[in-house]
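**Q** A single structure is presented below for examination.
The values are calculated or read from the model by the stated rules, or taken from the named source; none is laboratory data. Because the structure is predicted, anything quoted here is derived from the model rather than measured. In this analysis, Cβ positions are derived from the backbone assuming ideal geometry, glycine residues included, and neighbour counts consider all displayed protein chains.
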Amino acid sequence: MDTEHLICPACRARLGTGHVNAGLAACPSCDTSLRVDAFPALLRGTARGREPEPVVVDGESSCYYHPHYKVEAPCDECGRFLCALCGIDICGKHLCPACLASAQAGERHPWLVTRRVLYDGMALALGFAPLLLFLFCWPVTLITAPLIVFLCVRYWNAPKSVVPRGRWRMPLALLLAGAQFVAWAGVAAVMLFALFG
Amino acid sequence: MSDDAIVYRQLRGRCVRPFIGQHRLWLGPDHVLLASDCWFTQSYRRFYFSDIQAFTLHRTDLGKAFNAVLATVGAGLSLVAVAVALAGGPNLPALAAAALFALLFFLPLMLNIAAGPTCRCSVHTATHTELLLPLGRLRTAQQVLDLLRPLIEGVQGVLTAEALAAGPAAAPGGDAAAPGAGAPRTGPLRVDAPAATWHPTRVTGRIHQALFLTVLCDVPICLMDLYLRDIMPPAVSMVINMIWLLAVVALTFVALVQLQHGGFNDAVQTVTWLSLAYALACVAVVYVLQIQSSFGPFSGAYEEVGPPLLGDGFYVGVNVVAVVLSAALGISGLILVRDWRRGLLASGEEPAQPAPPPGGDDGAGGM
């Protein structure tokens, strides 16, 4: 997006600069209420990366990945020397591509996490689904109850959601699984009692 | 920033997607986080204050349309219900049922009116545009933007009308108009966004919408099977079911072929495969029912008393489970495809009207 593309989102008509940062106003073309809040980054555009400087003096430190380019800064994680091409400034750290990739894969930094599996929600859904469809799905609890216990034990300490999220789901799922086990034990006891008096 | 867990503060507004999850906005120390739930996975998108170019917001008529539909349907059905209840003299239970029936429509209507007018809000950065689904209400969106604006201006500075009128030319090096702006956050690796290329086989999502709509049609079909069994000939029910099944299987295969062209997100792919599994399960159930009704020991009595070998409970159970599953699949599929299409529209790619621009590229970005 740039200033050339300041258009009404509804009718795509070109907007004057008077509509920017002016609060809720009507589009001059379609009369739709709209608001455009713009910031200086709009004029900055997309910055181009700096060109790495070649090594000119013999014996000068060179980039780990590009031996013919001059070092600009070391990687904050592994300490390898990096040229201007290789260094990535992200959230106050200067990383090499390998460290960035491994940090993202290992979820070492919260600001690199792009996805999390919510095992607590999974366990809770497994606990509640047979109850919601109790009439037709109750035999499924024979499978879901042990599965809930497995999920809770296996993933109790797994990384949770990046955003604040209550920790009540897994205990509640375990309670539901326990209730299902007790119910099955009761059914088994009644059947044994009926069979053997 | 330290490696400690980032403390997020929840922003107002949410977008609930039935059977799928929800979208929420969170405020971090130097960015806004969009957290999207899709079943048991939560994905995150971060918009750093230093990267945000603009927010755009415009009012939509979706809320008004929703109000009109709810009010019309609710009033009409309530009148019918009251008329039926009063037909045989005052009947308290029937009136109570009619009132409950009306409440089912009027309660969402009241809630929708209370939530205020609807809007669409997008955030723009240099590389892409993202629709902020949680900010679907005008009042909430304005409050959130009012909260974010000073935070972003604290990082980037204030964009004056003069600087905006002068355009990028007034900003030598691209940063002159941004007194508070520092170096680009990602530094050396920032490159221009690649221009989107035009694909002759670009998928539009229409087939997937048709598929999930067809899956959703199983809800009335199953309810019809349940409640109109006594008055509907079995042959009619069978023909309707067969047509539906053929349509779902055909659409599923076309949709799966379209998945191969790429472009769909994981959620749409998953729900499409689930639709195939559901269609195959339906084929299996219909096959079992037909076999046992044709060759079972009580095959002649099927038309009078329903499936004899597996019993009436099985028949009812299968239909109830089918109603739940088809509603879940259909609604979640339609919502996911709608979100996917919105994402394309927000990023400037119009999926429904792919047109090759001169030179073979279409414009990237846009507002």
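**Q** For region B:54-72, which positions are of a type in the set (Ser, Thr, Tyr) and touching a residue at least 60 places away in the same chain (Cβ under 8 Å)?
**A** Filtering region B:54-72 for residues of a type in the set (Ser, Thr, Tyr) gives B:56, B:60, B:72.
Within region B:54-72, B:THR56, B:THR60 meet the criteria.
**Q** A further question follows. Restricting to region B:250-269, what's the tally of residues that are in contact (Cβ under 8 Å) with a residue 60 or more places away in the chain and surrounded by 13 or more Cβ atoms within 10 Å (Cβ to Cβ)?
**A** So the answer is 5.
**Q** For A:ASP31, are the conditions met, namely being among the acidic types (Asp, Glu) and part of a loop (DSSP other than H, G, I, E, B)? Lay out the reasoning, then the answer.
**A** Numbers: among the acidic types (Asp, Glu): yes; part of a loop (DSSP other than H, G, I, E, B): yes.
So A:ASP31 passes the test.
**Q** Still on this structure: Kindly indicate whether B:VAL215 is among the β-branched types (Val, Ile, Thr), surrounded by 15 or more Cβ atoms within 10 Å (Cβ to Cβ) and at pLDDT 85 or above. Quick ask: steps written out before the conclusion?
**A** On the way: among the β-branched types (Val, Ile, Thr): yes; surrounded by 15 or more Cβ atoms within 10 Å (Cβ to Cβ): yes; at pLDDT 85 or above: yes.
Taking the combined requirement at face value, the residue satisfies it.
Here is a yes/no grid of residues against (1) farther than 30 Å from B:PRO150 by Cα; (2) in contact (Cβ under 8 Å) with a residue 40 or more places away in the chain; (3) touching a Pro at 6+ places or on another chain (Cβ under 6 Å):
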{"site": "A:THR32", "(1), (2), (3)": "no, no, no"}
{"site": "A:ALA41", "(1), (2), (3)": "no, no, no"}
{"site": "A:ARG48", "(1), (2), (3)": "no, no, no"}
{"site": "A:GLU53", "(1), (2), (3)": "yes, no, no"}
{"site": "A:CYS63", "(1), (2), (3)": "yes, no, no"}
{"site": "A:TYR69", "(1), (2), (3)": "yes, no, yes"}
{"site": "A:ALA73", "(1), (2), (3)": "yes, no, no"}
{"site": "A:LEU100", "(1), (2), (3)": "yes, no, no"}
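**Q** What about B:PRO194, is it in a loop (DSSP other than H, G, I, E, B), within 14 Å of chain A (Cβ to nearest Cβ) and modelled with pLDDT under 85? Outline the logic, then answer.
**A** Working: in a loop (DSSP other than H, G, I, E, B): yes; within 14 Å of chain A (Cβ to nearest Cβ): yes; modelled with pLDDT under 85: yes.
Considered against the rule, which asks whether it is in a loop (DSSP other than H, G, I, E, B), within 14 Å of chain A (Cβ to nearest Cβ) and modelled with pLDDT under 85, B:PRO194 comes out as yes.
**Q** A further question on this structure: For the condition under 21 Å from the mean Cα position of the chain (by Cα) and at pLDDT below 80, what is the one hit in B:LEU345, B:LEU325? It would help to see each step written out before you state the result.
**A** On the way: B:LEU325 fails: at pLDDT below 80.
None of the other options fit; the residue is B:LEU345.
**Q** Right, here's the next one. Would you be able to say whether some residue in region B:96-114 is at pLDDT 90 or above and in a strand (DSSP E or B)?
**A** No; the residues of region B:96-114 include none that is at pLDDT 90 or above and in a strand (DSSP E or B).
**Q** Out of the residues in region B:259-276 meeting the condition of being under 19 Å from the mean Cα position of the chain (by Cα) and among the polar types (S, T, N, Q), tell me which one is nearest to B:GLN209 (Cα to Cα).
**A** First, pick out the residues of region B:259-276 that are under 19 Å from the mean Cα position of the chain (by Cα): B:259, B:263-275.
From what's left, among the polar types (S, T, N, Q): B:265, B:269-270, B:272, B:275.
Working: B:ASN265: 15, B:GLN269: 13, B:THR270: 14, B:THR272: 10, B:SER275: 12 Å.
The qualifying residue nearest to B:GLN209 (Cα to Cα) is B:THR272.
**Q** A further question follows. From the set of residues in region A:11-32 that are under 33 Å from the mean Cα position of the chain (by Cα) and surrounded by 18 or more Cβ atoms within 10 Å (Cβ to Cβ), which is nearest to B:GLY157 (Cα to Cα)?
**A** Residues of region A:11-32 that are under 33 Å from the mean Cα position of the chain (by Cα), as a first pass: A:12, A:20-21, A:23-24.
Narrowing the set further to residues that are surrounded by 18 or more Cβ atoms within 10 Å (Cβ to Cβ) leaves A:20-21.
Values: A:VAL20: 15, A:ASN21: 13 Å.
The selected residue is A:ASN21.
**Q** A further question follows. Kindly indicate which of A:ALA177, A:ALA158, A:ALA194 is farther than 16 Å from A:ALA125 by Cα and either surrounded by fewer than 10 Cβ atoms within 10 Å (Cβ to Cβ) or over 20 Å from the mean Cα position of the chain (by Cα) (or both).
**A** On the way: A:ALA177 fails: farther than 16 Å from A:ALA125 by Cα; A:ALA158 fails: either surrounded by fewer than 10 Cβ atoms within 10 Å (Cβ to Cβ) or over 20 Å from the mean Cα position of the chain (by Cα) (or both).
Within the list A:ALA177, A:ALA158, A:ALA194, the selection yields A:ALA194.
**Q** Give me the residue from region A:86-139 that is facing another protein chain (nearest Cβ under 10 Å) and at positive phi and, out of that set, modelled with the lowest pLDDT.
**A** Within region A:86-139, the match that is modelled with the lowest pLDDT is A:CYS91.
**Q** Say we look at region A:56-74 and pick out the residues that are of a type in the set (A, V, I, L, M) and modelled with pLDDT under 85; which of these is farthest from A:THR17 (Cα to Cα)?
**A** Our first condition is that a residue be of a type in the set (A, V, I, L, M); within region A:56-74, this holds for A:56-57, A:71, A:73.
Okay, now just the ones that are also modelled with pLDDT under 85, so A:56-57.
Values: A:VAL56: 49, A:VAL57: 52 Å.
The selected residue is A:VAL57.
**Q** Considering only region A:100-111, state which residues are in a helix (DSSP H, G or I) and surrounded by fewer than 20 Cβ atoms within 10 Å (Cβ to Cβ).
**A** Restricting attention to region A:100-111, the residues satisfying the condition of being in a helix (DSSP H, G or I) are A:100-106, A:110-111.
Result: A:LEU100, A:ALA101, A:SER102, A:ALA103, A:GLN104, A:ALA105, A:GLY106, A:PRO110.
**Q** When the residues of region A:161-174 are filtered to those that are out of contact with any strand residue (DSSP E or B) (no Cβ under 9 Å at 6 or more places or on another chain) and among the aliphatic types (A, V, I, L, M), which remaining residue is surrounded by the most Cβ atoms within 10 Å (Cβ to Cβ)? Working first, answer last.
**A** Going through region A:161-174, the residues out of contact with any strand residue (DSSP E or B) (no Cβ under 9 Å at 6 or more places or on another chain) turn out to be A:166-174.
Of the ones still in play, those that are also among the aliphatic types (A, V, I, L, M) are A:170, A:172-174.
Values: A:MET170: 22, A:LEU172: 15, A:ALA173: 26, A:LEU174: 20.
Looking at residues that are out of contact with any strand residue (DSSP E or B) (no Cβ under 9 Å at 6 or more places or on another chain) and among the aliphatic types (A, V, I, L, M), I get A:ALA173.
**Q** Let me spell it out: the conditions are (1) modelled with pLDDT under 85; (2) assigned to a helix (DSSP H, G or I), and B:PRO90 meets all of them except one. Which number is the exception?
**A** With (1) modelled with pLDDT under 85; (2) assigned to a helix (DSSP H, G or I) applied to B:PRO90, the lone miss is (2).
**Q** Does any residue of region B:116-133 turn out to be in a helix (DSSP H, G or I), of a type outside the set (Phe, Trp, Tyr) and either surrounded by 20 or more Cβ atoms within 10 Å (Cβ to Cβ) or at pLDDT 90 or above (or both)?
**A** First, the residues of region B:116-133 that are in a helix (DSSP H, G or I): none.
No; the residues of region B:116-133 include none that is in a helix (DSSP H, G or I), of a type outside the set (Phe, Trp, Tyr) and either surrounded by 20 or more Cβ atoms within 10 Å (Cβ to Cβ) or at pLDDT 90 or above (or both).
**Q** Could you grab me the full set of residues in region B:1-27 that are at pLDDT below 90 and either part of a loop (DSSP other than H, G, I, E, B) or within 10 Å of chain A (Cβ to nearest Cβ) (or both)?
**A** B:MET1, B:SER2, B:ASP3, B:ASP4, B:ALA5, B:ILE6, B:VAL7, B:PRO18, B:PHE19, B:ILE20, B:GLY21
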